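This report refers to the structure that appears directly beneath it.
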Amino acid sequence: MNCQRIVLRRLRLPLIEPFVTAYGTESEKDVIIVEAVMESGAVGYAECAAGHAPLYTEETSGTAWHMLSEFLIPALIGGAIESVADLAAIRSTLERFRGNRMAKAAIEMALWDGFAQESGIPLASLLGASRTEIPVGVSVGIQTSTAVLVQKVRGLLEQGFARVKVKIRPGYDMEPLAALRDAFPDMALMADANSAYRLADAAHLQRLDEFNLMMIEQPFAVDDLIDHACLQKALKTPVCLDETIRCAEDVRRAARLGSCRIVNLKVGRVGGFGEALRVHEACVAEGLDLWCGGMLETGIGRLHNIALTALSGFTLPGDTAPSERYFSEDVIDPPVCFARPGWLAVEPLAGVGSRVRPERLERWTVAKKHFDRQSAVAGAAGTGVARAGTESSPLTRYARY
């Protein structure tokens, strides 16, 4: 079996309310959806985690669109996929293209999803997962006041969320955390700094130990393992790394240096399911706690996160909240909902295509591009990347270059 055709869509979905972090404010979801049409007619879906601006990582929806169109789709379309080993090999095929992990993840995950649908095997099973439900937490953006934050968190706890993560930044940290701990002494609480602090703030951050937090997430710069190790030595509160972890090798380095005790795995950030499985294995081997973070995904990404989080090495509640928290109308139906308060079911979905509503994709689409094997290979030749005169498939051509 192979992928015969690919459709790229760029969607803009309004969020129910703006989401504010140390990086900025998001009021809509600017997202690329990849549709991989398989030989049998099955359609695999995935979304790109990159946002409109290069804030969380250097990637954007625009750069991902370019990379997918000019390089990644031509490298993969038409290649034979007969087994999970072939799916895992996509990671190696794309490795020659530096970086651009979110763009890589989008096409790779669409092919995993298409293979699941075509073979009739649930995606979670393909990934090696066995859980039938998972606990879920929720992320709360920076609020206009501490009183508003406490009120919002109270409502989320009443809905049954297993853990609450709040965004912090210099000037908005100790006061809101103290208020939350005072209001909810037994709540599972964590703080996410999104790289807003520096090692010079270590003494200030030591005050976090007063609040009995599950963790402080990504306090320092994305590329800084050393300073995170210094901070972890000074804190009782576990440090969690998010943006810093881009591959399994980063997990090994962080563990050896003592940079963290917990890892937040976002499948788009590491380049797809293939590398996510390697990160999962590395965390288990190094004895690090692991959880699955969120990127304000549509239901497509949420279902993929749920399938991944069903793996046994995920030890803490993830951030895959029900769809209704972010979108008045998701692109899937039924949307992601609690199976019971604080828990999501890991449904035996052979790909997410049965839940995707094409008319909703069309409604929010602002750009669309079609690729078949001939057009993709021709486009690659025009970039000077493909080898002229070869009769091999795009998959083989790029792997051998």
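The values are calculated or read from the model by the stated rules, or taken from the named source; none is laboratory data. Computed from a predicted structure; not experimentally measured. Methodologically, a virtual Cβ is constructed for each residue, glycine included, from the backbone with ideal geometry; neighbour enumeration extends over all protein chains shown.
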List the residue pairs whose Cβ atoms are under 8 Å apart, where the first residue sits in region 175-201 and is assigned by TED's automatic domain parsing to the domain that holds residue 263 and hydroxyl-bearing (Ser, Thr, Tyr), the second is buried (at least 17 other Cβ atoms within 10 Å of the Cβ) and in a loop (DSSP other than H, G, I, E, B), and the two are 6 or more positions apart or on different chains.
195/22; 195/218; 195/219; 195/220; 195/243; 197/219; 197/220
Count of residues meeting criterion [in contact (Cβ under 8 Å) with a residue 40 or more places away in the chain, within 28 Å of residue 23 (Cα to Cα) and β-branched (Val, Ile, Thr)] in region 57-108:
3
Only residues that are under 23 Å from residue 87 (Cα atoms) and aliphatic (A, V, I, L, M): list them for region 239-284, please.
245, 248, 251, 265, 267, 270, 276, 277, 279, 282, 284
Given the criteria aliphatic (A, V, I, L, M), at pLDDT below 95 and either under 21 Å from the mean Cα position of the chain (by Cα) or surrounded by fewer than 24 Cβ atoms within 10 Å (Cβ to Cβ) (or both), does residue 55 qualify?
yes
Residues that are surrounded by 19 or more Cβ atoms within 10 Å (Cβ to Cβ), of a type in the set (Val, Ile, Thr) and modelled with pLDDT under 90: does region 20-29 have at least one?
yes
Within region 75-112, track down each residue that is part of a helix (DSSP H, G or I), under 24 Å from residue 374 (Cβ atoms) and of a type in the set (D, E, K, R).
86, 104, 108
Looking only at residues in region 122-146 that are touching a helix residue (DSSP H, G or I) at 6+ places or on another chain (Cβ under 8 Å) and free of Cβ contacts under 8 Å to residues at least 60 places away in the same chain, which one is nearest to residue 350 (Cα to Cα)?
126
Return yes or no: is residue 180 in contact with a Leu (Cβ under 8 Å, 6 or more places away or on another chain) and either of a type in the set (Asp, Glu) or part of a helix (DSSP H, G or I) (or both)?
yes
